[in-house]
Amino acid sequence: MIGLMRAESLKIRSTRTTLGLLAGMTALVVLVVVLTGVFAKSSDLIGTSNQLSLLSYGSFAIVFAGLAGVLLVTSEYRYGTIRPTLLFNPSRARVLIAKLVASFLAGIIFSVVAEGAGLIAGLLILTARGLPLTLSGGDIGLLIGGTIAGTALWAALGVGLGSLIRNQVGALIVLLSWIFVVEPLVFAFVPSVGRWFPGQAVNALTGLASAHLLAPAAAAAVLVLWASSLAVAGNALMARTDVS
């Protein structure tokens, strides 16, 4: 099992797509933080909630980690490498577990890079504009810890989704539509339902203030449930379908 995990980790870290996602994510986070920090009014950058919003753009990492998780599965079906993978490791459950572990670890790296870049850029902007930092150590700790945990679970969630929708384009469309269309609309109009979705759970984990979000502990449980449910469903589908 250890060898299988190492193989899956090698797959996810050695592809140019993963490196491209990492670079694009970092550039996007820094760009958004800089634009927000430079053009926002000083009054909009003072206060705990405002500064938390500025420094929380590292949570964009969930999008890129989710994409990496999806690609880790769907790329194998797209290029046919799933056949030798299952030939040498017939247990599909073990293969899926290895992919989940590899993606989880990759998600941690994505989150550390994204939140680190966003935090440094945001703090530099606050210093350059002469604005005091009003966040406590606990606020920053929750922001960093929540981003890391949320992103890692979103990477695993992407693996589960990819195992359910093995068509690469279809899985990517579903993931992006969910993040940018479905969740925002449901949370905006029915927040009592939308707060149970994985994207809003990450917002809760990072400490963003909203009357409708779950408590951080509940949000963590919700994310684990989403990731594990998709993985279980994906494993069941893989177990009863043949690889063409």
Normalising by the residue count of segment 2-240, find the relative contact order in percent from Cα pairs under 8 Å and 6+ residues apart. 26 percent
Per DSSP H run of n ≥ 4, the term is -39500 (n - 2.57); total these for the chain, divide by its residue number, and report the mean residue ellipticity at 222 nm rounded to 500 deg cm²/dmol. -26000 deg cm²/dmol
Extension gain, Val190 back to Asn89 (0.36 nm per residue minus Cα-Cα distance, nm): 31.9 nm
For a quick check of your reading of the filter: which trypsin sites (Lys or Arg not before Pro) in segment 68-150 sit in a DSSP loop and have no more than 14 other Cβ atoms within 10 Å? Arg129
Pseudo-spin-label distance Arg78 to Arg240, built 7 Å along Cα→Cβ, given in nm, is 2.8 nm
Within the chain, which DSSP H helices have Cα atoms that stretch 24 Å or more along the helix axis and a mean Kyte-Doolittle hydropathy of at least 0.5? 16-39, 61-79, 92-128, 137-164, 216-240
What is segment 17-79's relative contact order, in percent, from Cα pairs under 8 angstrom and six or more apart in sequence? 43 percent
Rg/Rh of the chain (Cα atoms, Kirkwood Rh), to two decimals, equals 1.01
Mind checking the alpha-carbon convex hull of segment 129-244 and giving the volume per residue in Å³? 133 Å³
Using the basic label-point model (7 angstrom from Cα toward the beta carbon), what is the His212 to Ala40 distance in nanometres? 2.1 nm
Residue span Val182 to Ser228: 0.36 nm per residue of separation minus Cα-Cα distance leaves a gain in nm of 14.5 nm
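Throughout, read-outs are computed from the coordinates displayed, never taken from laboratory work. Because the structure is a prediction, the values reported are computed rather than measured. Cβ atoms come from the backbone with ideal geometry, glycine included; neighbour counts cover every protein chain shown.
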